[in-house]
Amino acid sequence: AEAWKTLSDAKNPNPIGTRSMPARLAIGVSAPFKAQYPQLVSVFEKVDLPIDLLNGILGEMSEKRTPPRQVAEAFLKDHPDVWQQWVPADVAAKLKGAL
């Protein structure tokens, strides 16, 4: 509670850092979506983003007001080592070629 007070006060010269407990992010879809797009659901089930990378991306979006599509394209170009694990090799090759 004390840390939050220092973090929420923009004029506080000595904010106290905090940390969040590890959390697993999940992508939720409706039952009709799951039935209609099983290949996408398969990709969603494999998505795993390193927290430092995710925080950096979200911070950049917030600070620079970067449009989501632009951030997504930059992520795909800059981090093939992360997303290629989510899709079959032939799909990864096609996507990488399209970038």
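Read-outs: derived from the displayed coordinates by stated rules, not from any lab. Just so you know, these numbers come straight off a predicted model, no measurement behind them. Using ideal geometry, Cβ is built from the backbone for each residue, glycine included, and neighbour counts are taken over all protein chains shown.
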Residue-normalised 222 nm signal for the chain, counting each DSSP H run of n ≥ 4 as -39,500 (n - 2.57), nearest 500 deg cm²/dmol, is -17000 deg cm²/dmol
Computed for the chain: size of charge dipole around the Cα centre, +1 on C-beta of each Lys and Arg, -1 on C-beta of each Asp and Glu, debye to nearest 20, value 220 debye
Matching label for the computed Rg and Dmax of the Cα atoms in Å, out of [x] 22.1, 74; [y] 20.9, 75; [z] 18.0, 53, is [z]
Helix 51-64: inclination vs the chain longest Cα principal axis, degrees, rounded to 10, gives 70 degrees
Rounded to the nearest 10, the angle in degrees between the Cα long axis of helix 89-98 and the longest principal axis of the Cα atoms of the chain comes to 70 degrees
Expressed in nanometres to one decimal, the distance between label points 7 Å along Cα→Cβ at N12 and K94 is 5.1 nm
In this structure, the FRET efficiency calculated for A35 and W86 from their beta-carbon separation, with R0 = 25 Å, to the nearest 0.05, is 0.75
In Å, the C-alpha Rg and Dmax of region 45-86 are 10.5, 30
If the chain between N55 and A72 were fully extended at 0.36 nm per residue, the gain over the current Cα-Cα distance would be 4.7 nm
With R₀ set to 25 angstrom, the calculated FRET efficiency between the beta-carbons of E2 and A23, to the nearest 0.05, is 0.65
